[in-house]
Structure formats: structure tokens, C-alpha cells
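All remarks here apply to the structure that follows.
The values are calculated or read from the model by the stated rules, or taken from the named source; none is laboratory data. Model, not experiment: these values are computed from the prediction. Neighbour counts are summed over all protein chains in view; Cβ atoms, including those assigned to glycine, are modelled from backbone coordinates with ideal geometry.
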């Protein structure tokens, strides 16, 4: 493939909002950086230990009250325990800061936690005392014994949780914690039942144990999921110097403006599930491409995810599996698909640095998620692939799923060899620990998927979630239009004169995308692809995720739910009729999704997907007007650009470039083949 000129590179940066870029990636300098940034977990351990003491002290104060009815002494003891709890929280927060971590937002404040424990303990005491006459010395005495038994269970539960976080790296699956819980529970039940046999309490050991288990879960959540964070998307600008894992990071946008990211806390049962989304937004890699002010250079309020209310960004749709999850949104402003760590002639390609800053925030605010879903669209798809691998090291006990939305890695070898690393300096950080070669010029997107998926495929091997991780990829068959994957590939191949005709590379892009997808699937059983019909670029923010079945394919949300659930039915999906998509206008199916006019009795299928210009022929009454079918052009025809020549992929000269004759290729007979993939009625056909 011939080397693309710098002006062609400018077009790539200007028109697109995404980079269908390199099959290679960058990585963190330290492989298992979870081992060098322990203090979010250590802080949680310290706080849980103090909560265990507070819970035990509260219940013991209530036990004394059962027998002496001295409310003043009870309240003083409870208040003293709260002060000790608050002091312990302050010490834990200060120690975390001294170790380069922030822990004050990770939990409730000491005062808030004290109030939460007081409330839960009060409910348990009321439960135990129901049925007892505390003016009867015998019943008051047995009630006190039952409450003291509950104190031991509460303290034992929370102490086990504290030990789990303190010794997390040696037991990430929580085997010792669970065993301790079982031992504490069994001892409590035996003790409680032994007392309750002669005590007229209405509460069974099962009742109290159930309430205690709920309290334990709530206290862990209140200590590790940042309960005071807002549940609405909120922006944050980090300081210019962030210490993380022994390194000082400097978050910044490409032209020196402050970096900002967004976050929200989840709700209900999904609060401890974490979505990590990487934003797209163009790229640049030399003086010319970086001088064009259309690639995304800064973060503003317009980037707040709350501004998008469709697809999986719709937090009100009950079909959205992520609507109640906690989330961080890795905003993008560095022109390097979240991989870069360089300054190139004054341009700060620090996307990798910025992503690590957001990772640090996530680890400090969501300490041990039950699930982590990593995704990103367009340029963000590559951020998801790369950082989805490294986030496994940040969360070694979390169930992982990683999906790239519209980032198939179809580029020229010339860009891979001559542009990627010189501009962004990513090779030094390749994730070789998963089996990748250290030479960025030899990598493919399939190799990256295979290495990452296989490394984290088995529970208990390299990662300690209940099941192995899953990796996936979404794209449409002909991802096209301005800023699309095919657009960038065509500019790489044919240069600036052909910048506006992205469809000249549609067929070769499609062939290479399919090859990458099948190679990855063959190399890793826990990788699957979803290739939808049409040419839309990205799916995350489209309502098609819930409804589209043309192809025929299952809906994307169903495919994703199979992935998330660990279902054995999760499989590769690829359209057989990959024609463009639109909606019926008029007739009995008005408004319905369609690919062809025949699906719209009494109406027509107006295509919404990207396609080349179709115009009425000169003889038509509507000569030159945009059209989709011959009926739009009375006395004429609806025409697309005439067929064009493309050098065959195996041509030794100018492979995949436009051609007029075989001489434009390697001269071999038939080396210049004729194509025009886009036809009327939504049909796309490649030779």
C-alpha cells in the first residue's frame, strides 16, 4: 500500500468523529498495577473494622438497657461509639492520602455511618424485644443475652469483611470471608436458639440473622460504593498532578485545556455494578492533521452523557441493562484513541494518561464491583479494548465483559508502521504480559482480542471472578458515511482526492472487517462478534439496540444480555441480508423499520443509513434531485455513480486503490476489478 500524504491525513482528522485505526495498542508501564495501589481497599478495611466495633458497642449498650432501662447510659455509650467511629474514619482517610489515594468519598462520613448503624441496630433490638416484657427481670435478662449474641454476630460479620479487603490479594474470591461468615452465623444460631428456648421473644434466629445479613451488606455498600455521590451524571476536573501507583500523572487535553470526566452512582441492586464508557472523537498524528480544529480538542458541558437520551444512554428505558449501574465516562480530547502518552510538537497526546486518572477515580469510589462492563464507541472502541484489559488488573475479582462499538481495526500497514507509534508513543507500554509481541508493527486487532480474551478466559487463572471474562465487537456490515470506519480506510488508501467517496473502499473494508472478526472468534472461544445490517456508524446511542432484527439478527440488547448473563447461547451474529436500513413512509407499516420497499405495502422504505448520492438522471423531470428509487424521477431514472475500478487486494502494486485499467495495478490481467456496491432498494453488493 502506498504511503498516504499528509493532506489526506488531515481529512481523516477533520471529517471523522472516530478513528477506525490501528490493530495495535498501548498499555500501562506496570502490569499488575492493582498491587501498587492498594489503599482504596485498605481504607475500606480500616473503616469496616471500626464499623464492627461500633455495631458491637451499640448492641451491647442496648443489652444493658434491657436489664437496667438506663436510657442515658445507653445513649452515652452509643454516642461515644460514634465519636470513635468518626475518628477512625478520619485516620483512615488521612492515611489513604499519605499513600496517594482518596478515600473520603468512598464511604459515608463517620457521622453518617454512625447514624446508619444506630438505625439498623435499633431495628434489630426492636425485633428481638418484641414479645418480651422488660419489666419482668427474667425476660429482660434473656433479651439482653439475645442482643449480646447479635452483637457478636454483627461484629463478626463486619470483621470478616474488613479482613477480606485487608488481605484482598491473597484471597480475592473471598473464600476465607465466606467461611468466617458461616462460622459466625452457625455460632450465633446455636447460641440464640439455646437462649430463645426459654425466652418468649417473637423473633427467631433466622429473623435476626436475616436482618443482620442485610445490615452487613448495607454497611459494605456504604463503605465501598461512594453512597454520597450523585445518581445523575456529574462532571469532575481533576487536579493537574495526580499520584497513582507510584507515578505522577498530568491529565490534560490536546491543546493544554483542563481535562474533565463524568460519573454517576447507580441505584438499587445494581449500585455495585460498574460501566466504563470511552468516548469517541477523531484523531491526529502530525503537524497538519493536528492543526485542523475539527477533531475533538477539549471537554465541555456538551460532553455530559445526560445530553444523550437514546439507546443505552436512555436511563429510563426498562430494557436498558445498564440503567441502574454506577458508571464513569472517559471523556476524550487528545486525538489518540485513548492510547497516547506523548507530546508531539506541542500537542498533548495524553489519552492513556487521562484514562488512568479516571481509572484511579473509579477504584477509589467503586472499590470492588460485582461486575464491570467496558465499552466505547468509534475512537472510544479502541480505548475500551485496551483499557478493558488493564481494568482486569484493577478489579481482579469482578466479572468482566468488554465490547467495542464500531472499532474493527481495518487500516493500512503504512499507517500502522509509520504513523501510530511515532505520534503517540504507545509501543513502550504494550501489554506483553497477556502474550502480545512487543513490536507494535506486527499486531492486528484480532491478535489483541485473542491475547486478552484467552488470558482472562478462565476463572481462577489470572483473574478471580466467578466466571471467565467475555470480549465482543459490534459493527455494521458496511459502516460508512462521514467519520465512519470505511471513510478513514478509504482516505488511507486513496488519499485526499477521493476523500468524499468513502464507498470506494466499502468492499475491501468489509472483507478485512470480516477477516478480523472471524480470526478473533477462531482464536478465542470467549470472543464473539455482532455484525448488523446496513452502514450506520456506532450503535450505543441508537434505539436500534432494542428493536432491530433485520438481517435477520437477534436484537443487540438480547445478544448483550446473553453475554452479561454468561449464557451458553451467546454466539456470533452476522447478517445475511446486510442491506441498508430505513423506515416505512406511508402504507400499512408506516414507521416500521425496513430495508426494501416491498416491506412497506402502500408506502416506501426511506433509507436512513449512509450511502452515496443517488440523483435523478438528466432526462428526468427532477433532474439532479436526490432520489432513492426510479419513481422519484418521472421520465427518468434514479442513478448512483457509475461503476469504478479497484485494484485487487493481492495486486503487488496499488492494492485496493482505485484504478481505470490493469496497468494502474500490477498489470496482471483482471487486477483492476469493477465495483459499485451501493444499488437501489438498499442493496449492497461486493464482488
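See the values below:
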quantity: Whichever residue in the range 158-186 is farther than 20 Å from residue 396 by Cβ and touching a residue at least 60 places away in the same chain (Cβ under 8 Å) and, among such residues, is nearest to the chain's Cα centre (by Cα); calculated: 158
quantity: Residue identified as within 22 Å of residue 395 (Cβ to Cβ) and at pLDDT 95 or above among 340, 376; calculated: 376
quantity: Residue 326 being farther than 26 Å from residue 445 by Cβ and buried (at least 24 other Cβ atoms within 10 Å of the Cβ); calculated: yes
quantity: The range 232-256, residues that are in a strand (DSSP E or B) and in contact with a strand residue (DSSP E or B) (Cβ under 9 Å, 6 or more places away or on another chain); calculated: 234, 235, 236, 242, 243, 248, 249
quantity: Residue list for the range 222-270, filter: surrounded by 15 or more Cβ atoms within 10 Å (Cβ to Cβ), farther than 26 Å from residue 281 by Cβ and at pLDDT 95 or above; calculated: 222, 223, 224, 225, 226, 227, 270
quantity: The range 187-215 residues that are surrounded by 13 or more Cβ atoms within 10 Å (Cβ to Cβ), paired with ones that are assigned to a loop (DSSP other than H, G, I, E, B) (beta carbon under 6 Å, 6 or more apart); calculated: 200/131; 201/131; 201/132
quantity: Residue in the range 114-127 that is on the phi < 0 side of the Ramachandran plot and outside any helix (DSSP H, G or I) present; calculated: no
quantity: Test result for residue 446, farther than 22 Å from residue 355 by Cβ, assigned to a helix (DSSP H, G or I) and either in contact with a helix residue (DSSP H, G or I) (Cβ under 7 Å, 6 or more places away or on another chain) or not assigned by TED's automatic domain parsing to the domain that holds residue 559 (or both); calculated: yes
quantity: Residue 551 vs. criteria out of contact with any helix residue (DSSP H, G or I) (no Cβ under 9 Å at 6 or more places or on another chain) and buried (at least 19 other Cβ atoms within 10 Å of the Cβ); calculated: yes
quantity: The range 453-471, subset in contact with a helix residue (DSSP H, G or I) (Cβ under 6 Å, 6 or more places away or on another chain) and not in a loop (DSSP other than H, G, I, E, B), residue farthest from residue 403 (Cα to Cα); calculated: 455
quantity: Qualifying residue in the range 275-283 (condition: touching a residue at least 12 places away in the same chain (Cβ under 8 Å), within 21 Å of the chain's Cα centre (by Cα), within 28 Å of residue 397 (Cα to Cα) and loosely packed, with under 15 Cβ neighbours inside 10 Å); calculated: no
quantity: Index of the failed condition, residue 422 passing every other in (1) out of contact with any helix residue (DSSP H, G or I) (no Cβ under 6 Å at 6 or more places or on another chain); (2) part of a loop (DSSP other than H, G, I, E, B); (3) surrounded by fewer than 24 Cβ atoms within 10 Å (Cβ to Cβ); calculated: (2)
quantity: Sole residue being surrounded by fewer than 21 Cβ atoms within 10 Å (Cβ to Cβ), in the same structural domain as residue 341 (by TED's automatic domain parsing) and touching a residue at least 24 places away in the same chain (Cβ under 8 Å), chosen from 460, 452; calculated: 460
quantity: The lone exception for residue 229 - which of (1) touching a residue at least 60 places away in the same chain (Cβ under 8 Å); (2) part of a loop (DSSP other than H, G, I, E, B); (3) in the same structural domain as residue 347 (by TED's automatic domain parsing) it fails; calculated: (3)
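Residue-by-condition table, conditions (1) in contact (Cβ under 8 Å) with a residue 24 or more places away in the chain; (2) farther than 20 Å from residue 510 by Cα; (3) not assigned by TED's automatic domain parsing to the domain that holds residue 512:
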residue: 542; (1), (2), (3): yes, yes, no
residue: 586; (1), (2), (3): no, yes, yes
residue: 605; (1), (2), (3): yes, yes, yes
residue: 608; (1), (2), (3): yes, no, yes
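Per-residue answers, yes or no, for (1) over 27 Å from residue 229 (Cα atoms); (2) surrounded by 15 or more Cβ atoms within 10 Å (Cβ to Cβ); (3) in contact with a strand residue (DSSP E or B) (Cβ under 8 Å, 6 or more places away or on another chain); (4) modelled with pLDDT of 95 or more:
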residue: 101; (1), (2), (3), (4): no, yes, no, no
residue: 109; (1), (2), (3), (4): no, yes, no, yes
residue: 126; (1), (2), (3), (4): yes, no, no, yes
residue: 134; (1), (2), (3), (4): yes, yes, no, yes
